[in-house]
Amino acid sequence: MKSIDDFSRPEEYISPMDKYFRSAVRAWAAKDVLPHRRRFDEDWKEHALIEPAFDALMANKGLGIQKALFPADLGGWGLGQSDYAFTIACTLAEEVGRADTAMAVAFMVTYWPLTTILVEPHVNRRLAAQFAPMFCNSDKAVFAALAMTEPQGGADIENMELLGGKTIKTTARLDGDEWVINGHKLWPTNTAGVGQLFGVPCTTCVGSNDPNDFALIFVPADVKGVTQGGPYEKAGMAADKNGDLWFEDVRVPAWYRAHGPGKDAEVFKEIIPWGLVGSMGFLVGAMMNLYEVLYEFVSTRTYGNRPLKENDAIAGLIGRIAGDIEVCRILAYEGARIGDRRNRPYGHPLYSEEVLAKLRNLKDFVCDRAVENFGRAMDVLGVYGPDRQYDIEKHWRDIKIIQLWMGGKQLCQMEAARFFYNCKTL
Amino acid sequence: MHKSLDSLFLSTREKIDEEEQRIINTVRQWAEREILAKRLAYLEHYDREFAAKRRMLLMDIGLQRLALSEENGGFGWNSTTRAPSLAAVLMEIGRADAATAYLSALQFTNLLACGAKYTTPVGALISSFYSSDQPVNPALILPGPGTVDEQTPLFFGRSINVRLIHKGDEDILVGNNIRTAGCGAIADHFCVVCADSDGKPCITFVPADAQGVQRGNILKETGLNACTNADIKFNNVRISREAILKGSDAVERIYIWLNLFLGAVSIGAAMNFFEIVYDWANTRTIKGCSIMKDNPLCASVLAEVAEEIAIARFLIDDLARLISKMTVTNVQEMQHVYTMSQILGYRIQQGALRAVNRGMELMGSAGYAREWHAEKHWRDIKTIQSYLCGVGAEVPVKMDTARFFFDCKDI
Ligand SMILES: Cc1cc2nc3c(=O)[nH]c(=O)nc-3n(C[C@H](O)[C@H](O)[C@H](O)COP(=O)(O)OP(=O)(O)OC[C@H]3O[C@@H](n4cnc5c(N)ncnc54)[C@H](O)[C@@H]3O)c2cc1C
């Protein structure tokens, strides 16, 4: 059998550490996830099965990967300083996503708000030192969340190019040397009781689109006034807990703000590319697993008393699926490389319109292919397609949200149009 | 939503009589009062509520007797001419809950495809299944994937995995790890496409409590969650003569009705999705202030949702009309209707699913949350679509089509 590693990616971009990360995570998936994942859906509320698998991946008693972004002198692995930070993120997203995209989301989102203070060129040493022990010294998985979405809408908050944060209703007021935060967020990954640290986009002036009024503030979960609601029940993504998050006169030190006026808006824009590359990695990983399951099915099950894969029409269909996985994987790594070029003379800053538009484009494309291919693959399995035992249906349910989140498909289309056609009002 | 679905989605259905309309209206009232108005509670206690509401529909309203002949104490909707009205009823049920509609669709298929003539032995047997004062759960075993280590008889390329062996005076049913299209764990009886000793496709009806019928573990499936599924083993099950339906067209007939009825179920579910997305797009704002539906890009997605459903409704009306005019005895015509039912059935399922898939794009996280019910329709329709494919995605239907239109011999 061909292996999933036969799918192409631009080898000259790949980090020298890639094979070590990949083999460690693949071994973890084989032992801690694949034997259990068919029971994850029923574990959406308790995480009794899911939590130990996270501990084995993220915490010190396992692979300890949650400390990867922190500088080495603070106990981390210094990945935030690596020229390959995006490419490795893509690898990790892919490998964990192959096992379970919801685990991949929950694990990677922990890095998400932290990228704004740990990744070059925006390292905030004081905050890094403050939060390093939380992540680097723990024998339990520690989760962080990026709490953007609000009841009135998540897409608008991510639509910084057009709206500049003017729809954000969560407020931050400076009172002496403390921020006082009030607001209501919905849906962040790693909430509903599991989050220990939140990156919270706020406004210092409701209705303003001045970048100086946008504030990204870190809020530990145990601060007075922070309340996490229970987990929402969803179509899939059981290993990712999402819920309501309320901030009522929450006070944190003034220096918990990521970087300050203007700069916060910039690093917030930089967050989006991380999410987009991560999303592509999750999808490619899931599709690689689709290939594994499909390979087995089409080799052992028949139509017209011949293996499915030996029927020309079915071969045409599954050949297209494999082709799409190949193309999507190449695109995902190209996207990662756009991220890793950010500090190079030939690259563009992450907050640039160009990077945003190109990555939104790639993510939109990969999402569409993944949604279509999982649906197709279920139909190839036919009467077995909806069966959890065959794993494809779980991925099918899980990955749909990747198309919908981060502002959804339409925002991707708008960002692309805005950049490529110089649209002024979209 | 303040507009009626009927006024939005035009139908090419031929005029249905007063009695038929009255029943359709009654089912609509049941859907609206009992399920749609209490949707959250319905979902929260789904197992219990599903059973209670279904009992109300089948027993109190009497839908279990709808497709039974009048002689069997039914409403007498057991002829091809009733195809449009039966589809309309299923659409109403599907709008409320696809799983409830799915079970009724299987029942109607059994009766219309196999037992419409209640005077035949098989018709009398099937009718007796449904003349119960308890809700009856049917299950259907269709041809599907085979395995590489076994050559099986085929129904147009699809493997028939159950064998009916003629031994002395007896007919014995044999099959291992047989996958039902839903409901395997809860079925009271099975309608089984099997192959006789000559390898010819035929149909048998097997009560679930017959000796030798064994159920496997409960399967977890994507949707239609109330139609709990399990694999079945037929361990030398004795089959009585009147439970066997022979003839080359018997299996085709099953597919014809299934395409119509399951198409109606999926359209019903998609119509309720339409209502959900209508309300959402009317109240949700984007870009800080504009109502979603007034954004041209969102409007174009909404248009696609409407288009897919509108076209699927036309297709189902056409299919129903085709079936209602089918003369049951003409083999040539049966082949034609079979092929058309496969083409239209496939397109209808694709359209319904596409409508939901695209509409979900506009709903962001709400579309993905159980609370909003949108995702349930998405899972239910997908499950129906995959069941209907059987194996190999659309390829078997494409082969049926090419075979009919181009006289292909070896596909
Ligand atoms: C499993 C999961 C994980 C999540 N993780 C996080 C997280 O970590 N952090 C977080 O903050 N949120 C998270 N979310 C929320 C998610 O990112 C938002 O739901 C998403 O951004 C869309 O926001 P919304 O649901 O409020 O929909 P809305 O903002 O109301 O948008 C709905 C739809 O409107 C359309 N639309 C929006 N803007 C435009 C435009 N300018 N032009 C045209 N059409 C437009 C799009 O179709 C969009 O999908 C998560 C959600 C889920 C289900």
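The values are calculated or read from the model by the stated rules, or taken from the named source; none is laboratory data. Just so it is clear, the model here is predicted, and its values are computed rather than measured. Note that we place each Cβ from the backbone using ideal geometry, even for glycine, and neighbour counts take in every protein chain shown. These area figures cover heavy atoms from the full protein model, side chains too; ligands, DNA and RNA do not enter into them. Shrake-Rupley method; radii C 1.70, N 1.55, O 1.52, S 1.80 Å.
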With the dipole of chain A defined by +1 on each Lys or Arg Cβ and -1 on each Asp or Glu Cβ, the option from A:W255, A:Y333, A:S279 whose Cα lies farthest towards the positive pole is A:Y333
By the Kirkwood definition, with r running over pairs of different Cα atoms, chain B has a hydrodynamic radius in Å of 21.7
For the B:N330, A:N422 Cβ pair and Förster radius 56 Å, calculated FRET efficiency rounded to 0.05 is 0.30
Helix-only [θ] at 222 nm, chain B, -39500 (n - 2.57) per DSSP H run of 4+, per residue, nearest 500, equals -15500 deg cm²/dmol
Log entry, pair B-A: total buried accessible area, probe 1.4 Å, protein chains only, in Å² rounded to 100, is 4700
Computed over the protein assembly as shown, protein heavy atoms only, probe 1.4 angstrom, the accessible area per residue in square angstrom equals 36
Once A:W77, A:W112, A:W28 are ranked on solvent-accessible area with the largest value leading and a 1.4 Å probe, the list reads A:W77, A:W112, A:W28
So for chain A, using the alpha carbon gyration tensor with a ≥ b ≥ c as root eigenvalues (a/c under 1.5 gives rounded; past that, a/b versus b/c decides prolate or oblate), I'd call it prolate
Over the stretch B:328-411, the quotient of the Cα radius of gyration and 2.2 N^0.38 Å is 1.43
Relative to chain A, whose Cα atoms define the longest principal axis, helix A:125-136 and its Cα axis are tilted in degrees, nearest 10, by 50
In cubic angstrom per residue, the convex hull of the stretch A:4-142 built on its Cα atoms measures 107
On the formula 1/(1 + (r/R0)^6), with r taken between the Cβ atoms of A:Y20 and A:D210 and R0 of 60 Å, the FRET efficiency rounded to 0.05 is 0.85
So, relative contact order of chain B in percent, Cα under 8 Å, 6 or more apart, is 17
The lysines whose Cα lies under 28 Å from the Cα of B:K3, excluding any fewer than 8 residues away in the same chain, are B:K15, B:K38, B:K53, B:K287, B:K293, B:K376, B:K382
Expected field for A:L162, accessible surface area in Å² at 1.4 Å probe radius, rounded to 10, holds 50
Here the stretch B:163-279 gives, from Cα atoms, an Rg and Dmax in Å of 17.1, 64
In whole percent, the fraction of accessible protein surface over the stretch B:328-411 that belongs to carbon or sulfur atoms, probe radius 1.4 Å, stands at 55
Which residues qualify? For B:S159, with a placed amide H closer than 5 Å and at least 5 residues away or on another chain, they are A:G304, B:G144, B:G146
A:R173 and B:D279 label points (each 7 Å along its Cα→Cβ direction) are spaced in nm at 3.6
Nearest 10, in degrees from 0 to 90: the angle of helix A:353-381 to the longest Cα principal axis of chain A is 40
Quick P(r) readout (the stretch B:266-411; Cα-Cα; 10 Å bins; whole %) gives 11, 33, 29, 16, 9, 2, 0
Looking only at aspartates and glutamates whose Cα falls under 14 Å of B:K167's and that sit 8 or more positions away or on another chain, we get B:D196, B:D198
Rounded to whole angstroms and listed largest first, the alpha-carbon spread of the stretch A:27-79 along its three principal axes comes to 41, 24, 16
Within chain B, excluding any trypsin sites (Lys or Arg not before Pro) found in a DSSP loop (not H, G, I, E or B) and having at most 10 other Cβ atoms within 10 Å, the longest uninterrupted segment runs B:16-408
Descending accessible area (1.4 Å probe), largest on the left, turns A:C202, B:C408 into B:C408, A:C202
Measuring from the longest principal axis of the C-alpha atoms of chain B, the long axis of helix B:121-130 (C-alpha) lies at a number of degrees, nearest 10, equal to 40
Expressed to two decimals, the protein assembly as shown has a Cα Rg over Rh, using the Kirkwood radius, of 1.01
Note on chain A: contact order normalised by length, alpha-carbon pairs under 8 Å, 6 or more apart, percent, works out to 18
For the stretch B:264-368, averaging the sequence separation of alpha carbon pairs under 8 Å that lie six or more residues apart and dividing by its residue count, the contact order in percent is 38
Taking the alpha-carbon centre of each part, the distance from the stretch A:380-403 to the stretch A:29-103 in Å is 22
Contour minus Cα-Cα span, B:A299 to B:D209, at 0.36 nm per residue, comes to 27.1 nm
Using the Cα gyration tensor of the stretch A:51-91, the equivalent ellipsoid's semi-axes, largest first and to the nearest Å, work out to 20, 13, 5
The size of the Cβ-based charge dipole (Lys, Arg +1; Asp, Glu -1) of the stretch B:248-406 about the Cα centre, to the nearest 20 debye, is 160
Taking the chain alone as reference and the full protein assembly as comparison, with a 1.4 Å probe on protein heavy atoms only, the residues of the stretch B:327-376 that lose at least 50 Å² of accessible area are B:E361, B:S365, B:Y368, B:R370
Probe 1.4 Å, all chains present, heavy atoms only: B:T204 accessible area in Å², nearest 10, is 0
Where a ≥ b ≥ c are root eigenvalues of the Cα gyration tensor, a/c under 1.5 meaning rounded, otherwise prolate if a/b exceeds b/c and oblate otherwise, the stretch A:146-260 counts as oblate
The local net charge around B:I61, scoring Lys/Arg +1 and Asp/Glu -1 for residues other than B:I61 whose Cβ lies under 15 Å from its Cβ, equals -1
Lys pairs in the stretch A:1-69 with Cα under 19 Å (8 or more apart in sequence, or on separate chains) total 4
Binned at 10 Å from zero, the C-alpha pair distances of the stretch A:292-426 give percents of 11, 32, 28, 18, 10, 2
Counting all Cα-Cα pairs in the stretch B:14-120, those more than 16 Å apart amount in percent to 56
Computed for the protein assembly as shown: size of charge dipole around the Cα centre, +1 on C-beta of each Lys and Arg, -1 on C-beta of each Asp and Glu, debye to nearest 20, value 220
